[in-house]
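Colleague: Pasting a structure here, questions to come.
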Amino acid sequence: MASQLINANPVVHERKARSVRQPTSAHDDLAVEPIDSLEVFDHVRDIKDPEHPYTLEQLNVVSEDSIAVDDKRSHVLITFTPTVEHCSMATLIGLCIRVKLMQSLPPRFKIDIKVSPGSHASEVAVNKQLNDKERVAAALENPNLSQMVDECLASSEE
Amino acid sequence: MAKKLGGNGAARLGFLHQLEGHTDRVWGVAWNPASRSGGAPSMLASCSGDKTVRIWEQQSTVSSSSPSWTCQAVLDESHSRTVRACDWSPNGKLLATGSFDATTSIWEHVGGEFDCIATLEGHENEVKSVAWNTSGTLLATCSRDKTVWIWELQPGNDFECVSVLNGHTQDVKMVLWHPSRDVLVSASYDNTIKVWAEDRDGDDWRCVQTLAEPGWGHTSTVWQLSFNMSGDQMVSCSDDLQLMVWDSTVDPSEWTGNGGGPWKHLCTISGHHERTIFSVHWSRCKSIFSGMGAQFSAY
């Protein structure tokens, strides 16, 4: 693998202030809150970029606006923007997002992950791979890839 | 064009049993075709991401009204990765299992025991599907390496590779034999379906037709194929959310024609599924069942 980074000078953004969520009703402790885009964003915002010591949020790879959730239909659509158009890390980033959501969301959820339109030279090919459950399962059995995913997902100590 | 079944006394599916034992997702199941004949109990094979294959048998007990299922055997120590596909030979004595470890194992079922009698190597990466022909003389395997391999069963339970079929430009997801001819079909990540038959002089296998015409071919990965009982029609399902039905009456081995190919597109069924259709099966009761995730439809 080349020693040169794909994107040596990424633009780093401020992290969005985290709001403390208020419980919506005091007596409804047993009710399950529908999952919304902020909750999904909370799961993915701290995923580390494979190349740089920043999170996907800081690099603006994902944002709350790039996530659409339909709780009733158990569907999540998350689009992400790689930092450069030819980023060969795109599939790895997409895989990290998928693994994190598989670990964090209830199993009933169907998750679609796409690069934001126009943001990548091989958009169609990348999207196809990321949403092929067989390709994903086989990729995660690859120890090298699986280790890279684990490293990106390792929680950062702040 | 297609009607959905349901209501009006049409066929319905009801849940019977849940078989527990696998520790990871189950990728495939296969009924043993020889079971239930001559008083033998029903037998089912399942293969999983836990790298094992489980054999389930339905026991009839004297007292209970509904027979119970037990796990008769766990076939492990053969595959080092997910077992993706399994298929019984037509006489029910052999079970082929295809794995992400790029190999296919052949198990022999003798008196309640299962022995691994062969390991077929050759694919460069994950095996996705395995299929026996109707006479049990040939086994097809396919892989992410874009190829389809045809193996011939030799005396002494040896297997010889008789052909490596190139042509697909991406992963091959499934292979399936025609019910009455030695004609093979394959479904691929390259959005096409290929029809393979042996040369007239029996020298080699060739691709007779690629079902991918603009306008009536699938526009994304084709996941599964299924023939009706007589083999004169075939249905395909795809990531493009559609099913397609094909006229497979003409024998591809006899095809010498120019242009097009022996098989024709009959119709496209769309609008019934909102997500990738992973599997489709043409049952003997003439219905087509298709599934995606937690939902299925019957036509």
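The values are calculated or read from the model by the stated rules, or taken from the named source; none is laboratory data. Since this is a predicted model, take the numbers as computed values, not measurements. Methodologically, a virtual Cβ is constructed for each residue, glycine included, from the backbone with ideal geometry; neighbour enumeration extends over all protein chains shown. Side chains are part of the model used for accessible areas, which takes the heavy atoms of the whole protein and leaves out ligands, DNA and RNA. Shrake-Rupley method; radii C 1.70, N 1.55, O 1.52, S 1.80 Å.
Colleague: From the list A:Asp132, A:Asp49, exactly one residue is of a type in the set (Asp, Glu) and either at pLDDT 95 or above or closer than 24 Å to B:Gln170 by Cβ (or both). Which is it?
Modeller: The unique qualifying residue is A:Asp132.
Yes/no per residue for (1) under 19 Å from A:Glu57 (Cα atoms); (2) open to solvent by 20 Å² or more (accessible area, probe 1.4 Å):
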| residue | (1), (2) |
| --- | --- |
| A:Val84 | yes, yes |
| A:Leu92 | yes, no |
| A:Arg108 | no, yes |
| A:Ala121 | no, yes |
| A:Gln147 | no, yes |
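Colleague: B:Ser135 is checked against (1) open to solvent by less than 50 Å² (accessible area, probe 1.4 Å); (2) away from chain A (no Cβ under 14 Å); (3) closer than 23 Å to B:Ser230 by Cα and fails just one. What number does that condition carry?
Modeller: (1)
Colleague: For the stretch A:126-141, which residues satisfy the criterion of being of a type in the set (A, V, I, L, M, F, W, C) and at the interface with another protein chain (Cβ under 7 Å from one of its Cβ atoms)?
Modeller: A:Ala137, A:Ala138
Colleague: Still on this structure, I have one more. Which one of the conditions (1) open to solvent by less than 50 Å² (accessible area, probe 1.4 Å); (2) in contact with a strand residue (DSSP E or B) (Cβ under 9 Å, 6 or more places away or on another chain) does A:Tyr54 fail to meet, given that it meets all the rest?
Modeller: Of everything listed in (1) open to solvent by less than 50 Å² (accessible area, probe 1.4 Å); (2) in contact with a strand residue (DSSP E or B) (Cβ under 9 Å, 6 or more places away or on another chain), A:Tyr54 misses just condition (1).
Colleague: Which pairs do you get when a residue that is within 11 Å of another protein chain (Cβ to nearest Cβ) and within 15 Å of B:Asp24 (Cβ to Cβ), found in the stretch B:81-92, comes within reach of a residue that is among the basic types (Lys, Arg) and assigned to a loop (DSSP other than H, G, I, E, B), reach meaning Cβ atoms under 8 angstrom, with the pair 6+ apart or on two chains?
Modeller: B:Arg81/B:Lys51; B:Thr82/B:Lys51
Colleague: Which one of these does B:Trp246 not meet: (1) outside any loop (DSSP other than H, G, I, E, B); (2) within 14 Å of chain A (Cβ to nearest Cβ)?
Modeller: Every condition holds for B:Trp246 apart from (2).
Colleague: Please work out if B:Ser99 is polar (S, T, N, Q), open to solvent by less than 50 Å² (accessible area, probe 1.4 Å) and closer than 15 Å to B:Asp158 by Cβ.
Modeller: Here the answer is no, as B:Ser99 does not meet what is asked.
Colleague: Another question, if that's okay. Where in the stretch B:186-230 are there strands (runs of 3 or more DSSP E), lying fully within it, with 2 or more residues that are open to solvent by 10 Å² or more (accessible area, probe 1.4 Å), away from every other protein chain (no Cβ under 14 Å) and touching a helix residue (DSSP H, G or I) at 6+ places or on another chain (Cβ under 7 Å)?
Modeller: Here the list reads B:205-211.
Colleague: Which residue, of B:Ser78, B:Ser66, is hydroxyl-bearing (Ser, Thr, Tyr), surrounded by 14 or more Cβ atoms within 10 Å (Cβ to Cβ) and at pLDDT below 95?
Modeller: None of the others qualify; the one that does is B:Ser78.
Colleague: If the requirement is being within 14 Å of chain A (Cβ to nearest Cβ) and free of Cβ contacts under 8 Å to residues at least 40 places away in the same chain, which of these qualifies: B:Glu124, B:Glu152, B:Glu160?
Modeller: Step by step, each of B:Glu124, B:Glu152, B:Glu160 is checked, and only B:Glu124 is within 14 Å of chain A (Cβ to nearest Cβ) and free of Cβ contacts under 8 Å to residues at least 40 places away in the same chain.
Colleague: Of all the strands (runs of 3 or more DSSP E) wholly in the stretch B:251-299, which have at least 1 residues that are modelled with pLDDT of 90 or more, closer than 14 Å to B:Phe227 by Cα and under 19 Å from the mean Cα position of the chain (by Cα)?
Modeller: Fully inside the stretch B:251-299 and qualifying: B:279-282.
Colleague: Hey, A:Arg21 hits all of (1) of a type in the set (Lys, Arg); (2) modelled with pLDDT of 95 or more; (3) open to solvent by 20 Å² or more (accessible area, probe 1.4 Å) but one; which does it fall short on?
Modeller: With respect to (1) of a type in the set (Lys, Arg); (2) modelled with pLDDT of 95 or more; (3) open to solvent by 20 Å² or more (accessible area, probe 1.4 Å), A:Arg21 is out only on (2).
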